[in-house]
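Enquirer: This is the structure, below, for whatever I ask next.
Nothing in this text is a laboratory measurement; each read-out follows from the coordinates by a stated rule. From a predicted model like this one, the values you see are computed outputs, not experimental measurements. All Cβ positions, even for glycine, are placed from backbone atoms using ideal geometry, and neighbour counts span all protein chains on display.
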């Protein structure tokens, strides 16, 4: 997956024409415009979404985006579009891509010792985006030529996800002054720390979490340099950098910020996903039996999920009932209890819970997905179509929503609309040619009214033109 990202970046930059770059007469300007950054980021994200590393778990992704946008609302550029996504890897890392895309490794979420620590890392990455560090690096090296700029892009994008790939990208590029580049990225890190601390404090989190996190990673790096946390290698940890953060924090008011329930539930969820179901059952059983936690809710959530994954439905029902009593108003709990009811042969009970959850939490994708799937299982495609259509209007573009919409249309026998929705799903998954083929199949299906046919034909022309342009760039 990562190698394809690097190749894509090289293709996008290496085939660029000099006359398409903005005027560099003003030293305050940058080589990449905001629009070019966004286009590059979107192209990279299409590759990431199609990879096995991309974690498409709505509970986890919704939480990370909610946390991210809480921070963005207090940044210097709240109008900047952001998207937070999750990479399913146990390493402790996070990275920013061009155009406001910020990736978080599951290992960072699981190993963060507080929600403020996780927020500190996201605030740091937000600082990279709002300060336009990638574009500024291109500006610094504008005399090196486009081939060298492509090499810099490879190194930056690789460093954000894998230090080994970063080294390979640097070795393979034609850029000779590597040390200058690395020094510039260290400057970026210090600036992102400064901006991130401000965002962290304004958002109501504990600013002291940032130096605590950096110090812990630095100790791990010194002790286990060959197996150190990825974040320590991709975000250079120098004594000067940590000292600077500490001195800034000393001027800020200390606040004790409790972790949110969603943070605790997401960590429990990832712990179950990262281990065998039986091992997870033993882990959370031990936590509850030995009372190793202040709140039993996250441990019972993890236990219920692990029991469900282990197909121990009888006990899962008992734990789900207790969980619902302990946290009746949490959307993640509602979704899990509904899943247990559906798996246990109570489809009506699951539908009732999903309906309640979607009404109370209309932006929670896990509840929407579960509700639409339960409606389809109950042979209520018209209701499922209404749920997915309402969600598509309300939420950012989502491939799974379009897939569920396509299934709803298929169950209703509306083939043109089925293939139209499936085309949008393929497009979001990075398969432009598959999207075009779906539209072509739909237009040959023989159904659809005049307006539906006209809309599908217009969309086909639009995607065909995009495909031609993409092939021309190659």
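Enquirer: I need the calculated FRET efficiency for the pair residue 247 and residue 457, taking r as the beta carbon distance and R₀ as 45 Å, to the nearest 0.05.
Expert: 0.10
Enquirer: If you don't mind, another one. Modelled label-to-label distance, residue 34 and residue 378, 7 Å Cα→beta-carbon offset: nm?
Expert: In this crude spin-label approximation the distance works out to 4.5 nm.
Enquirer: If you don't mind, there's one more thing I want to ask. If you take the C-alpha gyration tensor of segment 225-367, multiply each eigenvalue by 5 and take the square root, what semi-axes do you get, largest first, in whole Å?
Expert: Values for segment 225-367, descending: 36, 20, 15 Å.
Enquirer: Give the relative contact order (percent, whole number) for segment 260-361; include only Cα pairs under 8 Å separated by 6+ residues.
Expert: RCO, segment 260-361: 21 percent.
Enquirer: Using 7 Å Cα-to-Cβ label points, what is the residue 295/residue 136 separation (nm, one decimal)?
Expert: Using points 7 Å along Cα→Cβ, the separation is 3.7 nm.
Enquirer: Going 7 Å from the Cα of residue 221 in the Cα-to-Cβ direction, what parts of segment 79-95 have a backbone nitrogen less than 18 Å from that spot?
Expert: 91-95
Enquirer: Once R0 is set to 60 Å, what does the formula 1/(1 + (r/R0)^6) return for the Cβ-Cβ distance between residue 444 and residue 186, expressed as a FRET efficiency to the nearest 0.05?
Expert: 0.55
Enquirer: Calculate, for residue 113 and residue 278, the FRET efficiency according to 1/(1 + (r/R0)^6) with r their C-beta to C-beta distance and R0 30 Å; round to the nearest 0.05.
Expert: After rounding, the FRET efficiency stands at 0.65.
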